[in-house]
Amino acid sequence: MAEATQTEAGVVEAYENLARQVLDRPESIPSAIHNLLLKLAETHPGAVYWIVRKFYQEYLRLYVSDTGYIGIADRYEPKLMYPGDIVLYVVPESPQPDDIVQVTFTDKDEVSVYVIHARVMRCNDDRSIQVADTGTGEEYRVVDWNILGKLVRVIPFGSNEWQELFAASGVPKEWVVTSVEENIRSVQESEVSGKDKAIAELKRRLDDLV
């Protein structure tokens, strides 16, 4: 027992020393913490992502956003969205079956971060959630932490509302061009349902952008 206590005290002391080094940096404390996280993210971005979310949720009692957030789609999701669409999400308190949710998870080493859209299949007794990838149909069991938000609306590329929101987003048009080009190649190489229609729409968007 004494050895276990000694080990725990040593761990605490090591973190106290690390915190002291951060506090002693010549730049501001937020900049020092930011620089430390950037360095850790070079090898373990997944771990950095999770600890930031953990801090928001446990310390500040705040989710990614209490109301929701806006994203720019970067991939073709059959019957959901095309790259370049503006997508609106809310943070659900309790996902329900058939909800379309944005799910994030990391590999076991917390190095890579993955984001997918999935349909909620059922809520399990242990409070985990069974979801199915909207693209592949592959099922996963996730928890609340894995769910970034629930899809509530897709604003189509080129519409009047899209023009207004995209102009205010600051997202470079070149980024959308690259996403559309990459999706044209990936859809051409796939066996996705409605392939010809999807490629035609992607090429139309590319023409509009360039």
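Find the eigenvalues of the gyration tensor of the Cα atoms of region 69-109, then list the square roots of 5 times those eigenvalues as equivalent ellipsoid semi-axes, largest first, in whole angstrom. Intermediate results must be reported in sequence, preceding the final value.
On the way: eigenvalues 73, 53, 26 Å².
Equivalent ellipsoid semi-axes, largest first: 19, 16, 11 Å.
Cα gyration tensor of region 135-178, axes a ≥ b ≥ c as square roots of the eigenvalues: rounded (a/c below 1.5), prolate (a/b > b/c) or oblate?
Values: a/c = 2.40, a/b = 2.13, b/c = 1.12.
The shape class here is prolate.
Based on Cα positions only, what radius of gyration and what Dmax would you give for the chain, in angstroms?
21.2, 71
Calculate log10 I(q)/I(0) of region 124-210 for q = 0.14 Å⁻¹, where I(q) comes from the Debye formula with a single equal point scatterer on each Cα and nothing for solvent.
With no solvent term, the Cα-only Debye profile gives -0.74.
Using alpha carbons only, how many degrees (0 to 90, rounded to 10) separate the axis of helix 29-41 from the longest principal axis of the chain?
Between the helix axis and the principal axis of the chain, the angle is about 70 degrees.
How do 135-143, 15-23, 84-92 rank on mean C-beta neighbours within 10 Å, highest first?
Ranked by mean Cβ neighbours within 10 Å, highest first: 84-92, 135-143, 15-23.
To the nearest 10 degrees, how steep is helix 173-188 against the longest Cα principal axis of the chain, on a 0 to 90 scale?
70
For the residues 81, 121, what sequence is obtained by ranking on other C-beta atoms within 10 Å, fewest first? If you can, show how the numbers build up before the last one.
Values: 81 24, 121 15.
In increasing order of surrounding Cβ atoms, one gets 121, 81.
Rounded to the nearest 500 deg cm²/dmol, what is the calculated helix-only ellipticity per residue at 222 nm for the chain, with -39500 (n - 2.57) per DSSP H run of length n ≥ 4? Working shown, then result.
Working: 6 runs with 86 residues, N = 210.
Computed ellipticity for the chain at 222 nm equals -13500 deg cm²/dmol.
Relative contact order of the chain, please, whole-number percent, based on alpha carbon pairs below 8 angstrom and at least 6 residues apart. Could you put the intermediate results ahead of the total?
On the way: 271 pairs, mean separation 34.1, N = 210.
So the answer I get is 16 percent.
Residue 68's amide H: which non-local residues (gap 5+, or another chain) put their own amide H closer than 5 Å, with H modeled 1.01 Å from N in plane and none for Pro or chain starts?
Those qualifying (amide H under 5 Å, at least 5 residues apart or on another chain) are 91.
Every number here is computed from the coordinates shown, using simple stated rules; none is lab data. Just so it is clear, the structure is predicted and the values come from calculations on it, not from any experiment. Every residue, glycine as well, gets a Cβ built from its backbone with ideal geometry; the counts of neighbours run over all protein chains shown.
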